Amino acid sequence: MQKIFNGIIVSVKMNKTAVAEVTRRTPHPLYKKLLKRSKKYKVDMGEFKISIGDGVKIIESRPVSKDKYFKILEVIK
């Protein structure tokens, strides 16, 4: 089962690589208040032309490099 996340592009400074921030809401273990937790993933851009602030759907793939193991599935404007 491959993981699919929705995220926002926060950096496009690398060659063929972008950084996508995925935000999720999870309950506090004791108090059950919903908290925002975010994580940044390096993603392979492929042929997509993206810029900072674009919404993207990313999918898990085989490792492309040491840190890069997600690819962009589609761009959500």
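The values are calculated or read from the model by the stated rules, or taken from the named source; none is laboratory data. Computed from a predicted structure; not experimentally measured. Note: ideal-geometry Cβ built from the backbone for every residue, glycine included; neighbour counts use all protein chains shown.
Before moving on, here are some points about what is shown:
- Complete set of residues in the range 26-77 that are exposed (fewer than 14 other Cβ atoms within 10 Å of the Cβ), part of a loop (DSSP other than H, G, I, E, B) and among the polar types (S, T, N, Q): S51, S65
- Residue within the range 63-70 that is at pLDDT 95 or above and within 10 Å of the chain's Cα centre (by Cα) present: yes
- When the range 1-25 is filtered for residues that are over 13 Å from the mean Cα position of the chain (by Cα), outside any loop (DSSP other than H, G, I, E, B) and within 19 Å of K68 (Cβ to Cβ), the ones remaining, listed by number, are K13, M14.
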